[in-house]
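These notes are about the structure you will find just below.
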Amino acid sequence: MNYFQESCKYMPGGVNSPVRAFGSVGGEPVFVDRAKGSKIYDVNGKEYIDYVCSWGPMILGHTDEDVLKAIKDAAEKGASFGAPTVNELNMAKLITEMVPSVEMVRLVSSGTEALMSAIRLARAYTKRDTIVKFEGCYHGHSDSLLVKAGSGLLTFNQPSSPGVPEDFAKHTLIAQYNDIDSVKALFKENKDKIACVLVEPAAGNMGLVLPERGFLESLKNLCAEEGALLLFDEVITGFRMSSGGAQKYYGIQPDLTTMGKIIGGGLPVGAYGARKEIMDLISPVGAVYQAGTLSGNPLATAAGLATLKKLNQPGFYEALKAKSDILWDGFKGNCEKLGLKYAFNSVESLGCMFFTEGEVKSFAQAIKSDTKKYASFFHAMLKRGVNLAPAQFECMFVSAAHTEEDLAKTIAAHYDSLKEIG
Ligand code: PMP
């Protein structure tokens with residue numbers, strides 16, 4: 001059976017999340033049967049070295065023995081109770097210990113939900129309605145945030161979505177990443193109206209665009225001066241760039257933090273947190289309502305705790321960085337050998353090669369990438385058993401399970417693929 005064509009009869013585009021459909025790279029998506037360590041296996045048994053890692057959560061690699069055991073043990077006790085559990089306490093404690101700016105946290109079931117809730121909280125706290133986001137940043141698919149967004153919306157060249165009432169979208173203002181003057185201008189034009197500025201502290205949904213020196217700090221100062229909250233969306237960067245996310249890595253503390261992906265160890269999860277004074281507005285202590293049948297789900301907290309425990313082992317991030325650097329250096333070396341001048345951005349275990357020359361420090365530079373060339377590159381890599389994101393405007397994720405052999409094979413495949421596509 002052709003699973004994809006059959007799926008298209010029953011699900012829009014045959015998928016449950018748009019970018020999975022290979023829409024921008026063409027061809028039919030790989031149907032995954034199982035995964036182990038750094039590898040995924042399709043329904044025909046073909047093996048791929050995986051750098052999608054479920055779009056970030058699988059920092060330990062797939063089906064890590066300890067995470068698997070934690071999930072199995074939790075499942076034996078019951079999948080969901082709708083009542084408090086000790087692991088929620090353990091998870092909340094651990095997050096507050098690890099993430100510098102977070103004193104209290106609320107667990108939810110996806111990154112989208114975390115952002116949607118955090119914005120409500122920012123609006124309630126500041127008693128203001130307007131929010132500022134950056135073009136090309138993606139913060140989930142809630143109405144207010146599907147305005148000039150990155151990830152799949154950028155891939156499909158449709159940065160905003162029909163179905164979002166103009167009355168909602170008008171409260172979302174757009175600034176340019178790494179351009180503090182664009183934010184200043186919005187504050188000037190909207191005096192005392194802006195509740196919060198949302199930012200991916202390293203932007204991972206327009207490829208990978210890193211903050212220039214001083215950018216995040218200036219945002220922090222500006223928000224403080226203007227009485228707005230600064231929200232770091234750490235759904236990708238949290239527990240990936242360091243044990244305390246990008247805020248620990250860059251040494252900048254936001255007012256609000258959203259998290260997801262890694263803290264669920266591959267199960268559905270999200271979280272938002274802040275200092276106590278802000279979190280005290282959330283129901284049942286405060287009046288800002290937010291709830292969830294499966295929030296703090298026992299399987300997700302078990303998987304997340306088992307994952308975070310391993311990240312806290314001494315040397316984890318150093319080893320992951322060393323591994324990632326082998327890959328990034330290998331890619332850059334290949335480009336030099338082939339006389340190609342493609343832009344390459346990386347930080348720790350996140351990386352992205354753009355099919356455009358020169359630096360990529362802004363949205364405008366990122367979208368200069370030749371997406372057709374990326375599509376050819378993607379398929380050339382896939383053919384050689386390397387699974388990358390099926391879109392240019394995403395990151396590569398390295399996991400602790402990638403072996404030196406995987407890295408060497410990937411670097412060789414990268415060279416051969418670039419040579420093949422010319
Ligand atoms: N924020 C960022 C930075 C993300 O990358 C994503 C998803 N990739 C989200 C929010 C939304 O998370 P979810 O897909 O879990 O709803």
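Quick note: the coordinates plus some simple rules give every number you see, no bench work behind them. Given the structure is predicted, the values throughout are model-derived calculations rather than measurements. All Cβ positions, glycine included, derive from the backbone under ideal geometry; neighbour counts span all protein chains shown.
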Checking rank on 327-334, 77-84, with mean other Cβ inside 10 Å and highest first, the result is 327-334, 77-84
Over its alpha-carbon atoms, the chain yields an Rg and a Dmax in Å of 20.9, 61
Checking rank on 3-10, 299-306, with mean other Cβ inside 10 Å and highest first, the result is 299-306, 3-10
Heads up, the range 181-232 by the C-alpha gyration tensor (a ≥ b ≥ c square roots of eigenvalues; a/c under 1.5 rounded, else a/b over b/c prolate, else oblate) looks prolate
Fraction of alpha-carbon pairs in the range 180-277 farther than 20 Å apart, rounded to whole percent, equals 38 percent
Dimensionless Rg/Rh of the range 36-97, both radii on Cα and Rh by Kirkwood, sits at 1.09
By the mean-Cβ-within-10 Å protection proxy, highest first, 167-174, 409-416 rank as 409-416, 167-174
What helix-only [θ] at 222 nm does the chain give? Using -39500 (n - 2.57) per DSSP H run of at least 4, over all residues, to the nearest 500, the answer is -11500 deg cm²/dmol
In whole Å, largest first, the alpha carbons of the range 13-134 cover along the principal axes 54, 39, 28
The ³J(HN,Hα) series, computed from each phi in the range 83-93 with the Karplus coefficients 6.51, -1.76 and 1.60 at θ = phi - 60°, rounded to the nearest Hz and given as x for glycine or proline, is 8, x, 10, 5, 5, 5, 4, 4, 5, 4, 4
Against the 2.2 N^0.38 Å rule of thumb, the C-alpha Rg of the range 112-203 sits at a ratio of 1.02
Expected sort for 137, 335 with the fewest Cβ neighbours (10 Å cutoff) up front is 335, 137
